[in-house]
Amino acid sequence: MHGPASSGWLLVALCAATGAYCLLRMRSSVEEQRSAAGGEALMGFGMAAMAVPAAVFTPPAWVWPGYAVVFGAAGLRALWAARSGRHHLHHLVGAAAMVYMAVVMAGSPAHAHAHGASGTPVLTGALLLYFTGYVLLTGVRLIPVVAVAGSGAGAPPVPLPGQGPGADGPAPGGWGDRPELARACRLSMAIGMLAMLLPL
């Protein structure tokens, strides 16, 4: 889609791997987890397909309106789901960004797919600000929080309640149900979204 082929392939690999992990998360026993993972898998694979370098494959003109329809429907679903949890609003913004990129690509001449397209600067800037903030906030949340036991120097760090092995908190489910892995998945997609929005 944008830029040199090597960075395009790295973006394809990141988004496809994230989409594959989200497919595995759909096997969760938690309904909410399965639902969120399905939307994130769609987003990951959609981003991977959109990031394929134009030198390798230039999609036909009908692909971009198809993207807009698919991610428009995903956005409506996220808007409906946002009634039960505000984290679905992030899915809504991601789907809106995909619709925006698809519309920009549909309205650009064929050669713009290889060299970047021209979007609306205000909307592109707003999406860049949102995803930059999301990346920074999610990155901070992934840093483990520990409390120091005792006041002496060299005291070993002790995980806060509910965060360490053998903690009294709920026992973690399978590796697909771990919240930090889901956050890392969303962080990867947000970084990919930033990379795709920058050339617009």
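The values are calculated or read from the model by the stated rules, or taken from the named source; none is laboratory data. Just so it is clear, the structure is predicted and the values come from calculations on it, not from any experiment. Heads up, the Cβs are rebuilt from the backbone with ideal geometry, glycines too, and the neighbour counts pull from every protein chain shown. Note: areas computed on protein heavy atoms with side chains; ligands, DNA, RNA excluded. Shrake-Rupley method; radii C 1.70, N 1.55, O 1.52, S 1.80 Å.
Residue pairs whose Cβ atoms lie under 8 Å apart, sitting 6 or more positions apart in sequence or on different chains, and linking a residue in segment 177-199 that is farther than 25 Å from Tyr100 by Cβ to a partner that is assigned to a helix (DSSP H, G or I) and open to solvent by 50 Å² or more (accessible area, probe 1.4 Å), are Leu181/Trp175. Of all residues in segment 125-140, none that is farther than 18 Å from Ala95 by Cβ has its Cβ atom under 6 Å from the Cβ atom of a residue that is among the basic types (Lys, Arg) and surrounded by fewer than 14 Cβ atoms within 10 Å (Cβ to Cβ), 6 or more apart or on another chain.
Could you tell me whether Pro53 is more than 26 Å from Ala182 (Cβ to Cβ) and under 20 Å from the mean Cα position of the chain (by Cα)? So Pro53 passes the test.
Gly8 falls short of the stated requirement of being touching a helix residue (DSSP H, G or I) at 6+ places or on another chain (Cβ under 7 Å) and surrounded by 15 or more Cβ atoms within 10 Å (Cβ to Cβ). Taken over segment 92-113, the residue count meeting the criterion of being modelled with pLDDT of 70 or more and open to solvent by less than 30 Å² (accessible area, probe 1.4 Å) is 10. Within segment 114-135, restricting attention to residues that are of a type in the set (A, V, I, L, M) and exposed (fewer than 12 other Cβ atoms within 10 Å of the Cβ), the residue that is modelled with the lowest pLDDT is Val122.
Tell me, yes or no, whether segment 82-103 has at least one residue that is under 22 Å from Ala5 (Cα atoms) and of a type in the set (Val, Ile, Thr). No, because not a single residue in segment 82-103 is under 22 Å from Ala5 (Cα atoms) and of a type in the set (Val, Ile, Thr). Residue check: is His87 at pLDDT below 90 and open to solvent by 70 Å² or more (accessible area, probe 1.4 Å)? Yes, satisfied.
May I ask you to verify whether Leu24 is touching a residue at least 60 places away in the same chain (Cβ under 8 Å) and hydrophobic (A, V, I, L, M, F, W, C)? Give the steps one after another, and end with the answer.
Numbers: touching a residue at least 60 places away in the same chain (Cβ under 8 Å): yes; hydrophobic (A, V, I, L, M, F, W, C): yes.
Spelling it out, Leu24 is indeed touching a residue at least 60 places away in the same chain (Cβ under 8 Å) and hydrophobic (A, V, I, L, M, F, W, C).
For segment 27-48, taking the residues that are surrounded by fewer than 17 Cβ atoms within 10 Å (Cβ to Cβ) and free of Cβ contacts under 8 Å to residues at least 60 places away in the same chain, the one that is farthest from Ala195 (Cα to Cα) is identified as Glu31.
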